[in-house]
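Here is the structure we will look at, set down as structure tokens.
Derivation of every value follows stated rules applied to the coordinates shown; laboratory data play no part. Remember, it's a predicted structure, so these values are computed and weren't measured experimentally. Positions of Cβ are backbone-derived with ideal geometry, glycine not excepted, and every protein chain shown enters the neighbour counts.
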4 protein chains.
Amino acid sequence: MIVVLKPGATKQSAQPLLNKIDAAGLKSLYLPGVERIVLGAIGDERILASLNLDADPMVESVKPILSPYKLVSREAHPSSSIVKIGNTEVGGDTFTVIGGPCSIESLNQSLDIARVVKDAGSHVFRGGAFKPRTSPYAFQGLGEEGLKILRKVSQHTGLPTVTEVVDAGDVGLITEYVDCLQIGARNMQNYRLLKEVGQGRKPVLLKRGLSATLEETLLAAEYIYHEGNHQVILCERGIRTYETATRNTLDLNGVAWLKQRSHLPVLVDPSHGTGVRELVIPMSRAAVAVGADGIIVETHTNPAEALSDGHQALTEVMYQELIKEIMPIVHAMGKKL
Amino acid sequence: MIVVLKPGATKQSAQPLLNKIDAAGLKSLYLPGVERIVLGAIGDERILASLNLDADPMVESVKPILSPYKLVSREAHPSSSIVKIGNTEVGGDTFTVIGGPCSIESLNQSLDIARVVKDAGSHVFRGGAFKPRTSPYAFQGLGEEGLKILRKVSQHTGLPTVTEVVDAGDVGLITEYVDCLQIGARNMQNYRLLKEVGQGRKPVLLKRGLSATLEETLLAAEYIYHEGNHQVILCERGIRTYETATRNTLDLNGVAWLKQRSHLPVLVDPSHGTGVRELVIPMSRAAVAVGADGIIVETHTNPAEALSDGHQALTEVMYQELIKEIMPIVHAMGKKL
Amino acid sequence: MIVVLKPGATKQSAQPLLNKIDAAGLKSLYLPGVERIVLGAIGDERILASLNLDADPMVESVKPILSPYKLVSREAHPSSSIVKIGNTEVGGDTFTVIGGPCSIESLNQSLDIARVVKDAGSHVFRGGAFKPRTSPYAFQGLGEEGLKILRKVSQHTGLPTVTEVVDAGDVGLITEYVDCLQIGARNMQNYRLLKEVGQGRKPVLLKRGLSATLEETLLAAEYIYHEGNHQVILCERGIRTYETATRNTLDLNGVAWLKQRSHLPVLVDPSHGTGVRELVIPMSRAAVAVGADGIIVETHTNPAEALSDGHQALTEVMYQELIKEIMPIVHAMGKKL
Amino acid sequence: MIVVLKPGATKQSAQPLLNKIDAAGLKSLYLPGVERIVLGAIGDERILASLNLDADPMVESVKPILSPYKLVSREAHPSSSIVKIGNTEVGGDTFTVIGGPCSIESLNQSLDIARVVKDAGSHVFRGGAFKPRTSPYAFQGLGEEGLKILRKVSQHTGLPTVTEVVDAGDVGLITEYVDCLQIGARNMQNYRLLKEVGQGRKPVLLKRGLSATLEETLLAAEYIYHEGNHQVILCERGIRTYETATRNTLDLNGVAWLKQRSHLPVLVDPSHGTGVRELVIPMSRAAVAVGADGIIVETHTNPAEALSDGHQALTEVMYQELIKEIMPIVHAMGKKL
């Protein structure tokens, strides 16, 4: 960590900071320059951060040298991790496709869609039972009834399932019904929830927050990992920018960056990432090519009647087209579906 | 609601949409143009939104006419609301000042800071007991011990208190100890939490999310209001933009807009809104002048030793200077402290 | 165009607006709703925009139905355009690769790099002679001397060339030396410059502005097209967002969207789009897969000594690796290099 | 400047970088840490930046210690500068009000509006003759005819004038007609234009770019200053963010920050900064209170017929109300109008 002092600081005003660094068992450096005094602090960045050196009125700025996450970084764990959802491996040389509706609406709807998903050769079925909705007047999901449907779909089709958990108090319940717990974008920094799934035994699909930095995303994963659950899958789902032609801006830069910095598998959600049905297929192709480990896609047998997010759901025909179009890119990347 | 159909749509392809509008008890309009067919739907925008007309493959875009929030809008409730925290009124012709540390660290620390806050003529004491922290390695707050300290501070000083609640499961506990529950920026769209405080009896200080639009902020308030709790105070605390010279960008445009669109009181948090100690006083003056109903400011008797956010905490001397500098602006605005 | 009136508006207050619409030779509609009066205006959106209906104090909002660009839209021109840079076609079933240094530094440097670019099978050589630099203390380019070097490189290698033009007054000069004029991100809304190249005879590579919307980008292209020059190539080069791990956020959503809305060829600049050398290859693969018509990449035989942007320049070995890695994706997309 | 090397770097790989720093006449430091080697470079940050150390493949990141601007910084020039537009001083204890229409439309329109502006006690008249417009189909301004009108308005009213210059080639012409040249947001990084006005003799009103950082804004001012023209006024006019309820987000944080870091006067443009007529007055009050040196406001005697930006223009009555409302805040700040 580098600490830049304000103009006017003296060796004397630097002393308490140097003492604080030394007292924490780290090594301090005093580096007077022409216009500023700079201090160095060598050692574990996590301890350094806890010293809150930036709070000192003589400090102009603090520049960390190392990343604040450790367990999920590739420096700590150079080989790529593989996480299993049911019997499906995420990571490695498989490109995983997760498909299903935004919301579980009924058993029949779910079975119909699951058939499309399975017939196309996808690996996992997704569907929301507890829905975080911007408006209190929108459909809020079927709750536990939806979870029961998810279990039945899994029994009928053999597909493992993933669903979103929105509250720490629901983790136990949802764990009984599905194979993977999703933390949605709105909850990426719900630390109580992160800790709760971190103490659980099911894999966690962690979506990047709507305006979370990549570093904050890895810190959220670090919360889960730090509690003992190492089965974490990251998911880029679009960030909020000034552009309004698309619902979000899918940050594939971020996917490439995450794959280089972290050993965790990284999925892409082109449905939320674009919010536009017609853009899902091209962005899925791009997700394969950038090196993502899979995609999670919304599909519906009758989008016009979907209770939520129908505008971004692929029809059955489009879902089949999706698989057909990504296939040659998957092979070009040396992977298999 | 205006529905624009895709090029190539015909009267026949518009018919199912018109039927759907009529079936919901609303009035439909068929408006063929030169290059596009446009449909109108007249009636309650909340019902219209639930029709999910944008999911239809023939629909190019949907343009709402009315705002999706109702209860918190000034159209529904023209006169400004006043919310009470303990005996202190927020709204009306008082400019409310809430001060205190980021985190409750100990009884002595809290009493010292509360004395500064009270002596300067502030109205409410703030302090965090449950802290949402980006890194799992950072100080996470004292928990219930912190709540007990808050109660003691209130008993000693007579100041009412506000603290953050981060999980729906904690609402009952925290309600026992403090006068106002704060929903932090990271939880503005934690709908379970919004519903829980909406069913409670304590006023709620709702902070705008880090990248929440103003409309989403009012919809979050609508969640609470809709559950029956009408004691909602909004708070602008800075949004995330590309600018990095300040921690966030304090959106005073948003404060002016919220005051015109909603009857709820609106506070400003210049501490998080800037993240820079030296900018807190000028932005507090601006908050008064733009028409905010108060400010919530972090202060610490020894910022260099604060366990969190010390870099943005005002010292005792600066806190007194803050009150001195806002006073003439408060009077110029025809209000009192 | 849909015009929403403010609460309290009456038929009488709507009349002047209706008259204004009719007077412009368009068709007006009066649509009274429950809470708002809505007006419709049917006809050319460009004429409607010029009526400035949003300036009327009784107007709450104006919602356009059609896009404000025409000539560059796929509605006006359904088949994809092909633009020629020298003898190289951009668009169609070729995936075009443009390579070269950020700045032209000397003849020897340029010839060395051009050899790498050509040997790898790229189509066009790029290099800056007039450099827009954020700091007045940074290298500003060789000017006309750089243009002369570009011409010599073209003569030696047979590669056509592209260079940036930063001022309307330079268009004539630069046109003498190179095969394609680039409008950089900072000048995308320099309308004098757009008009000048629009009156010229050389193809124009138009980069999206750092915070330009997709619609604004097409309007900038419309400026050039409208002046008579139809040889316009669009280029996505990353937008400014809150994320700082990468220099910019490469918006491949935008590429997919532009390909659907416009007939113009679309390139991707993964060098500026990421600002990180290690991310250029994966994002180039993604650019192929999303459907872009080519890439423009910075490369240098000695990046550590480059006078500008060396941190994002590929080394010779990386440039060869780039071509090797995109090749199978190009083929999977049914294109050729 | 601090240079962090990549993992795996050795003393040997650091040597060329250390030599480069020494060869530039600066002082190098070798600081090996536990997980990274860090290098220090002490001296003029402008020379350091020109070494392009970040381009070296062994470099992970480069962290500047000092700001890259010098001449416009308060460190170089502690007392606040005062710039004169005609006989009006901008800066010091005057709060300057500049008013007028977006576009000069005719002599009569301009004289009518100038009368409103002058009668309300404003100091300077503004109006656009060369208009940068997003669409090629929008009104592009009267050109030199507009400049002649501006001169007549000045002769009739005695008010000095400011107008926008959009091209380096126009600087000479415009200098003949008005008292101050405005660089608009779209041209803040048109370096040719900055250099041209920097060599001129008229004061320059430099607007912050739509997505320019504060540091980039000061670097743009540094371009002008560096050419010899020290009469530079900065202007915050709203930045582009994800929020769409307002046209831009007026960044008053930025105004407070600029006043602390730079000696130049800082104005605020609440018209473009909000894009909403109803928000101009509250944001003008806030601009006074935050410590800005003045405001530049659009007003029109008949906004509904304005040829551009009528939706954000104040009516005559609102303009008078504006002055009435800011007056007590101006006095509370110890300034005069």
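Quick check on chain A: take the gyration tensor over C-alpha atoms, sort the square-rooted eigenvalues as a ≥ b ≥ c, and tell me if it's rounded (a/c under 1.5), prolate or oblate.
Details: a/c = 2.32, a/b = 2.13, b/c = 1.09.
Here chain A falls in the prolate category.
Give a residue-ordered list of calculated ³J(HN,Hα) values for the stretch B:53-58 (Karplus: 6.51 cos²θ - 1.76 cosθ + 1.60, θ = phi - 60°; whole Hz; x for Gly, Pro).
4, 5, 7, 5, x, 7
Relative contact order of chain C: what whole-number percent is it, with Cα pairs under 8 angstrom and at least 6 residues apart?
Working: 709 pairs, mean separation 54.3, N = 337.
Reported as a whole number, the value is 16 percent.
Determine the percent antiparallel among the DSSP beta bridges restricted to the stretch D:83-332, to the nearest 5.
Counting DSSP beta bridges with both partners in the stretch D:83-332, the antiparallel share is about 15 percent.
Which of the peptides B:4-12, B:24-32 is most tightly packed, and how do the rest follow, judged by the mean count of other Cβ atoms within 10 Å per residue?
Averaged packing, sorted descending, gives the order B:24-32, B:4-12.
Spelling out what I want: for every residue of the stretch C:47-52, take phi, set θ = phi - 60°, compute 6.51 cos²θ - 1.76 cosθ + 1.60 (Karplus), and round to whole Hz; glycine and proline get x.
So the Karplus estimates, Gly and Pro as x, are 5, 4, 4, 6, 6, 6 Hz.
List, shortest first and in nm to one decimal, how far the label point of residue A:228 (7 Å from Cα along Cα→Cβ) is from its counterparts in the other copies.
Distances to the matching label points in the other copies: 3.9, 7.5, 7.7 nm.
Answer rounded, prolate or oblate for the stretch A:145-206, using the Cα gyration tensor with square roots of eigenvalues a ≥ b ≥ c: rounded when a/c is under 1.5, else prolate when a/b is larger than b/c, else oblate.
prolate
Once amide H atoms are placed 1.01 Å from N in the peptide plane, what residues at a sequence separation of 5 or more from residue D:65, or on another chain, have their amide H within under 5 Å of its amide H?
Excluding prolines and chain starts, which carry no amide H, the hits are D:2.
Can you tell me which lysines have their Cα less than 30 Å from the Cα of residue C:324? Leave out same-chain residues fewer than eight positions away.
Counting by Cα, and skipping residues close in sequence, residue C:324 has these lysines nearby: A:259, A:324, A:335, A:336, C:84, C:118, C:152, C:207, C:259, C:335, C:336, D:6.
Treat every Asp and Glu Cβ in the protein assembly as shown as -1 and every Lys and Arg Cβ as +1, leave all other atoms uncharged, and give the resulting dipole magnitude about the Cα centre to the nearest 20 debye.
My answer is approximately 0 debye.
Please name whichever of D:272, D:303, D:209 sits farthest to the positive end of the charge dipole of the stretch D:83-332, dipole taken about the Cα centre and charges placed at Cβ: Lys and Arg +1, Asp and Glu -1.
Towards the positive end, the residue furthest out is D:209.
Could you tell me which of D:51, D:32, D:5 has its Cα farthest along the dipole of the stretch D:2-63 towards the positive end, charges placed at Cβ (Lys, Arg +1; Asp, Glu -1), taken about the Cα centre?
Farthest along the dipole direction, towards plus: D:32.
Quick one: Cα centre-to-centre distance for the stretch D:129-156 and the stretch C:51-95, in angstrom?
So the separation of the two Cα centres works out to 27 Å.
Can you tell me the relative contact order of the stretch A:204-335? Whole percent, Cα pairs under 8 Å, sequence separation 6 or more.
Across the stretch A:204-335, relative contact order equals 19 percent.
Could you tell me how far the Cα centroid of the stretch A:166-198 sits from the Cα centroid of the stretch A:242-310, in Å?
21 Å
Give the average, rounded to an integer, of partner chain Cβ atoms located within 10 angstrom of each Cβ in A:319-328.
For this peptide, the per-residue mean of nearby foreign Cβ atoms is 1.
Please work out whether the protein assembly as shown counts as rounded, prolate or oblate from its C-alpha gyration tensor, where a ≥ b ≥ c are the square roots of the eigenvalues and a/c under 1.5 means rounded, while otherwise a/b larger than b/c means prolate and anything else oblate?
Judged from the Cα gyration tensor, the protein assembly as shown comes out rounded (a/c under 1.5).
Can you list residues whose amide H is under 5 Å from residue C:294's amide H, if they're 5+ apart or on another chain and H is modeled 1.01 Å from N?
C:96, C:268
Find the chain B residue whose Cβ sits closest to the rotation axis that carries B onto A, and give that distance in whole Å.
Taking the axis that maps B onto A, the answer comes out as B:211, 2.
Could you pull the copy-to-copy label distances for residue B:64, with points set 7 Å along Cα to Cβ, in nm to one decimal and sorted shortest first?
2.3, 3.7, 4.3
Compute the helix-to-body angle for B:107-119: its Cα long axis versus the longest principal axis of chain B, expressed 0 to 90° and rounded to tens.
The helix B:107-119 is inclined about 80 degrees to chain B.
I'd like the orientation of helix B:280-290 relative to chain B: the angle between its Cα long axis and the longest Cα principal axis, in ° from 0 to 90, rounded to 10.
On a 0 to 90 degree scale, this one is about 50.
Calculate the mean, over all residues of peptide B:185-195, of how many other protein chain Cβ atoms lie within 10 angstrom of the residue's Cβ.
Per residue, the number of nearby Cβ atoms from other chains is 6 on average.
Defining a contact as two alpha carbons under 8 Å apart and six or more residues distant in sequence, what relative contact order in percent does the stretch A:113-260 show?
15 percent
Distances in nm, one decimal, shortest first, from residue C:151 to the same residue in every other copy, taking the label point 7 angstrom along Cα→Cβ.
Here the equivalent label points are 4.0, 8.0, 8.7 nm apart from this one.
Summing -39500 (n - 2.57) over the DSSP H runs of n ≥ 4 in the protein assembly as shown and dividing by its residue number, what mean residue ellipticity at 222 nm do you reach, to the nearest 500 deg cm²/dmol? The partial results should precede the final answer.
Values: 44 runs with 469 residues, N = 1348.
Here the helix-only value at 222 nm equals -10500 deg cm²/dmol.
Take peptide A:287-299, look around each residue's Cβ out to 10 angstrom, count Cβ atoms belonging to other protein chains, and average those counts.
Across the residues of A:287-299, the mean count of other-chain Cβ atoms within 10 Å is 3.
Testing the spin-label approximation: label points 7 Å from Cα along Cα→Cβ at residue D:6 and residue C:107. State their distance in nm.
Each label point lies 7 Å from its Cα, and together they span 3.5 nm.
Under 5 Å between amide H atoms, partner at least 5 residues away or on a different chain: which partners does residue A:301 have, H built in plane at 1.01 Å?
Answer set, sorted by chain and number: none.
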